[in-house]
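Take a look at the structure set out below.
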Amino acid sequence: RSSEGAAEDTADADAAEAEAPPPPFVKADAKVAARQYNDRRAAYKRAVGQMRKSFADEVAAQRKSDEEAAARKQAALTRQRLERQRAKNIQSARNAARAEEK
């Protein structure tokens with residue numbers, strides 16, 4: 001009977017420990033851990049935000065550069081086309097003047 005009584009006492013002690021509130025230092029440790037976690041999470045979010053912003057700036061700069069290059073190329077092609085047309089028009093005018101002389 002004495003071994004049964006000892007087992008019951010141990011079970012009662014375990015149940016009392018499970019129901020007892022945690023000591024104050026455990027609560028403080030949990031608060032510190034939560035604060036540290038939140039601080040690390042906030043720092044990560046800030047870092048990711050900065051990286052995304054810098055990446056977006058790089059993409060915008062590259063897009064602007066590409067658009068400027070395309071505009072320069074288009075302007076050069078247009079100029080060449082207009083110069084060829086001007087040369088054709090001059091030749092046509094000369095031919096028309098020569099035809100009138102005949």
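Table for the structure above
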| quantity | calculated |
| --- | --- |
| Partner lysines for K64 [C-alpha distance under 25 Å; skip if fewer than 8 residues away on the same chain] | K53, K73 |
| Virtual spin-label span in nm between K88 and A69, 7 Å along Cα→Cβ | 3.1 |
| Full-stretch length increase - D57, N95 - with 0.36 nm per residue and alpha-carbon distance subtracted | 8.0 nm |
| Difference of contour (0.36 nm per residue) and Cα-Cα distance, L77 to A34 | 9.1 nm |
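Taken together, the values in this text are just the output of simple stated rules run on the coordinates, not laboratory data. For clarity, every value in this text was computed on a predicted model and none was experimentally measured. So basically every Cβ, Gly included, is an ideal-geometry build from the backbone, and we count neighbours across all protein chains shown.
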